[in-house]
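Everything below concerns the one structure shown next.
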Amino acid sequence: MAGYRGNGEGSVYQRSSDGLWLGVQSVGRESNGRLIRKTVTGKTRAEAVRKLKKLQRQLDDGLPAPDTTLTVAQLLTRWHNDVLRHQVAPSAALNYKAVADRHIVPTLGSKKVVALSSADIDRLLSAKIDSGLSGRSQPISAR
């Protein structure tokens, strides 16, 4: 029977308000038992199905579903708290955090990680070099 999706394959439907096609996949449950769903959109049904299959492949490969709301500032905070401070000396972790807070967050902090491009990073680096900063890192205490 064409048109029916099997259990666990997600849902594809057209939103009546704007005509966009949506693909919805359950990706797990929150600690309180509430269902976590990820949604992809497309202008055509085929585009929505393609994006939904890509999401399903990521999940099948054991990768987490992309977080489309995560900002650069949130990612840097999570990186510092959950990864960096366990891998380097406390003074180095504070130095990395200070550099990120001083140079990256003011410019790119509110940008969504999924929308971040290499051109954004190139522009940031060019602006910092043009303002007189060195390309190599220096300890905060030496400045």
query = Which residue pairs have Cβ atoms closer than 6 Å, lie 6 or more positions apart in sequence or on different chains, and pair a first residue in segment 106-122 that is farther than 9 Å from residue 71 by Cα with a second residue that is surrounded by 14 or more Cβ atoms within 10 Å (Cβ to Cβ)?
reply = 107/124
remark   = Listed by first then second residue, the pairs whose first member lies in segment 124-143 and is over 12 Å from residue 102 (Cβ atoms), whose partner is hydroxyl-bearing (Ser, Thr, Tyr) and at pLDDT 85 or above, with beta carbons under 6 Å and at least 6 positions apart or on separate chains, are 124/107
key: Residues satisfying the stated conditions in segment 65-93, i.e. surrounded by 16 or more Cβ atoms within 10 Å (Cβ to Cβ) and farther than 30 Å from residue 53 by Cβ   = 73, 76, 77, 80, 84, 85, 93
query = Quick check: is even one residue across segment 14-22 charged (D, E, K, R), more than 27 Å from residue 110 (Cα to Cα), outside any helix (DSSP H, G or I) and modelled with pLDDT of 85 or more?
reply = yes
query = What is the residue count in segment 4-13 for residues that are exposed (fewer than 15 other Cβ atoms within 10 Å of the Cβ), farther than 11 Å from residue 42 by Cα and at pLDDT 65 or above?
reply = 2
query = Among all residue pairs at least 6 apart or on different chains, which show Cβ distances below 7 Å where the first residue, located in segment 34-48, is assigned by TED's automatic domain parsing to the domain that holds residue 17 and the second is among the basic types (Lys, Arg)?
reply = 35/29; 36/29; 40/51; 42/51
ask   = In this structure, is residue 123 at pLDDT 85 or above, of a type in the set (D, E, K, R) and assigned by TED's automatic domain parsing to the domain that holds residue 16?
value = no
Residue match in segment 77-88 (condition: among the aliphatic types (A, V, I, L, M), more than 17 Å from the chain's Cα centre (by Cα) and outside any helix (DSSP H, G or I)) = yes
message = I'd like to verify a number: residues in segment 100-120 that are modelled with pLDDT of 90 or more and either among the hydroxyl-bearing types (Ser, Thr, Tyr) or part of a helix (DSSP H, G or I) (or both), how many?
response = 14
message = Every residue in segment 23-35 that is modelled with pLDDT under 85 and of a type in the set (A, V, I, L, M), please.
response = 27
note = Checked segment 49-63 for anything within 14 Å of residue 39 (Cα to Cα) and either outside any helix (DSSP H, G or I) or among the aliphatic types (A, V, I, L, M) (or both); matches are 49, 52, 55, 59
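The values are calculated or read from the model by the stated rules, or taken from the named source; none is laboratory data. Just so we're clear, the structure is a prediction, and the values are computed from it rather than from any experiment. Here Cβ is always computed from backbone atoms with ideal geometry, including for glycine, and neighbour counts include all displayed protein chains.
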